[in-house]
Amino acid sequence: MSVLFGVLWPLERFNTAILAVGRYISVFALAIMVCFILGQVFFRYVLNDAPNWTEEAARFGMLWMTGLMAPIAYRMGGFVAIDMVERALPRLLAGLLSLVLFAISLWVLFIFWERGLNNHIDTLSGRGCSSTLRWPLGIEVGKCAEKFQNRFQYAALWVGVNLLILVNIELIIRQLITLGGQGDRLTSFASDEEIAGSS
């Protein structure tokens, strides 16, 4: 059991710190997304001349918000779940069922990571340029010159899957410790204020 605690402690600290940073970035991404969407509505219906880049810029913010908030929601148990069977089972069987479900989730995440990386490696390495997003002031960066490379958008998915894998491993270790009868030694997940203060 001490081995599990030894692995859990640094992983828990790392996840708490990195997810706290991700929370701030995702809030910023959400704010940008809302501003761009409202701007597009204003330009389209008030000025009758909508810029063509606002939709893609909003999608950019949405991808990063999703990639960074999904691990936080997963860690806090914020995903939609049907837990009728788990609640109906005795405590030990419910714990074993949770462990099996975490293991299946980890397996799916690894498949997603491997296949997604192989299928989109060209995108992540820079193939493809944004059709509308451009660097400000005519700055030229990389293969796409003044246009954004698509990898800046789709890297959010890769980052999100990696963080989900780390959170899943943490949850599996916590479940093993709980099944071993040491669940009372686990620290509860930090509240929003504690996460914000730890970053």
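The values are calculated or read from the model by the stated rules, or taken from the named source; none is laboratory data. Note that the structure is a prediction, hence the values are computed from the model and not measured. Heads up, the Cβs are rebuilt from the backbone with ideal geometry, glycines too, and the neighbour counts pull from every protein chain shown. Calculation scope for accessible area: heavy atoms of the full protein, side chains included, ligands and nucleic acids excluded. Shrake-Rupley method; radii C 1.70, N 1.55, O 1.52, S 1.80 Å.
List the pair-distance distribution P(r) of the stretch 3-117, using every Cα-Cα distance, as the percent of pairs falling in each 5 Å bin from 0 up to the bin containing the longest distance, rounded to whole percents.
Distribution as computed: 2, 9, 11, 14, 16, 14, 11, 8, 6, 4, 3, 2, 0 percent.
For the stretch 47-52, in order, what is each residue's ³J(HN,Hα) by Karplus, 6.51 cos²θ - 1.76 cosθ + 1.60 with θ = phi - 60°, in whole Hz (x at glycine and Pro)?
9, 6, 8, 7, x, 8
Taking loop as defined by DSSP and a crowding limit of 12 other beta carbons within 10 Å, which trypsin sites (Lys or Arg not before Pro) in the stretch 70-99 fit? Display every interim value, and only then the final one.
Details: sites: ARG75, ARG87, ARG91; in loops: none.
Sparse-neighbourhood loop trypsin sites (Lys or Arg not before Pro): none present.
How big is the accessible area of MET76 in square angstrom, nearest 10, if you roll a 1.4 angstrom probe over the protein chains?
Ignoring ligands and nucleic acids, MET76 comes out at about 80 Å².
Tell me the accessible surface of TRP64 in square angstrom (1.4 angstrom probe, heavy atoms of protein chains only), to the nearest ten.
60 Å²
Applying the Karplus parametrisation 6.51 cos²θ - 1.76 cosθ + 1.60 with θ = phi - 60° to the phi angles of the stretch 99-112, what ³J(HN,Hα) value in whole Hz is obtained for each residue in order, glycine and proline being reported as x?
5, 5, 5, 5, 5, 5, 4, 5, 4, 4, 5, 5, 5, 4
Can you run phi through the Karplus equation (6.51, -1.76, 1.60; θ = phi - 60°) for the stretch 38-44 and list ³J(HN,Hα) in whole Hz, with x for Gly and Pro?
5, x, 5, 4, 4, 5, 6
Quantify, in whole percent, the carbon and sulfur part of the accessible surface of the stretch 8-104 (1.4 Å probe; protein heavy atoms only). Provide the component values of the computation, followed by the final result.
Values: 4690 of 6350 Å².
Roughly 74 percent of what the probe reaches on the stretch 8-104 is carbon or sulfur.
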